[in-house]
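Single-structure report; data block below.
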């Protein structure tokens with residue numbers, strides 16, 4: 001029963017993490033494309049909220065569930081290549097988020113608060129939004145590959 005609880009937490013974490021980063025990117029792109037300062041600012045505000053509540057929660061559940069399930073089953077975390085690569089890919093994605101995406105997101109949130117009431121959208125916001133989108137796609141690829149490895153265990 002304990003293993004299934006950890007497995008459930010792990011799967012729920014994956015759903016929250018990959019689901020939120022994917023859906024957030026889609027609706028943020030559509031909000032940015034409106035070129036309406038209030039819509040963009042609201043969208044950016046929601047990115048911040050959903051990242052704190054869904055993405056961060058997803059990461060925590062993913063880690064607790066995955067390592068908990070491994071601990072209960074006495075699975076060697078470095079014994080299976082699929083498991084090693086899953087951890088490496090999660091780490092790569094996390095490094096991209098910490099080093100590029102979160103700083104860009106913070107700058108966008110600050111800029112969005114400044115133009116939320118109809119001010120001009122600065123070029124720096126557009127640059128950060130573009131950077132955030134492309135690096136976000138790049139950071140999502142390792143997560144999807146890790147998910148594939150966890151399900152199919154090919155190596």
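The values are calculated or read from the model by the stated rules, or taken from the named source; none is laboratory data. Computed from a predicted structure; not experimentally measured. Here the Cβ positions follow ideal geometry from the backbone for every residue, glycine too, while neighbour counts run over all protein chains shown.
Miscellaneous remarks
- Some residue of region 140-150 being surrounded by 13 or more Cβ atoms within 10 Å (Cβ to Cβ), closer than 16 Å to residue 28 by Cα and within 15 Å of the chain's Cα centre (by Cα): yes
- Qualifying residue in region 3-14 (condition: farther than 30 Å from residue 67 by Cβ, in contact (Cβ under 8 Å) with a residue 12 or more places away in the chain and either over 16 Å from the mean Cα position of the chain (by Cα) or assigned to a helix (DSSP H, G or I) (or both)): no
- Restricting region 24-36 to residues that are free of Cβ contacts under 8 Å to residues at least 24 places away in the same chain and in a helix (DSSP H, G or I), the residue that is nearest to residue 144 (Cα to Cα): 26
- Considering residues of region 65-80 that are modelled with pLDDT of 95 or more and under 18 Å from residue 151 (Cα atoms) only, the residue farthest from the chain's Cα centre (by Cα): 73
- On inspection, residue 72 fails the criterion of being assigned to a helix (DSSP H, G or I), touching a residue at least 12 places away in the same chain (Cβ under 8 Å) and closer than 19 Å to residue 136 by Cα.
- Residue 107 falls short of the stated requirement of being under 18 Å from residue 42 (Cα atoms), more than 21 Å from the chain's Cα centre (by Cα) and modelled with pLDDT of 95 or more.
- Test result for residue 85, in contact with a helix residue (DSSP H, G or I) (Cβ under 7 Å, 6 or more places away or on another chain) and under 19 Å from residue 26 (Cα atoms): no
- Residue count, region 122-139 (criterion: surrounded by 18 or more Cβ atoms within 10 Å (Cβ to Cβ) and within 18 Å of the chain's Cα centre (by Cα)): 5
Rundown of residues vs (1) out of contact with any strand residue (DSSP E or B) (no Cβ under 9 Å at 6 or more places or on another chain); (2) in a helix (DSSP H, G or I); (3) crowded, with 20+ Cβ neighbours inside 10 Å, yes/no style:
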site: 38; (1), (2), (3): yes, yes, no
site: 65; (1), (2), (3): yes, yes, yes
site: 76; (1), (2), (3): yes, no, no
site: 92; (1), (2), (3): yes, yes, no
site: 98; (1), (2), (3): yes, yes, no
site: 120; (1), (2), (3): yes, no, no
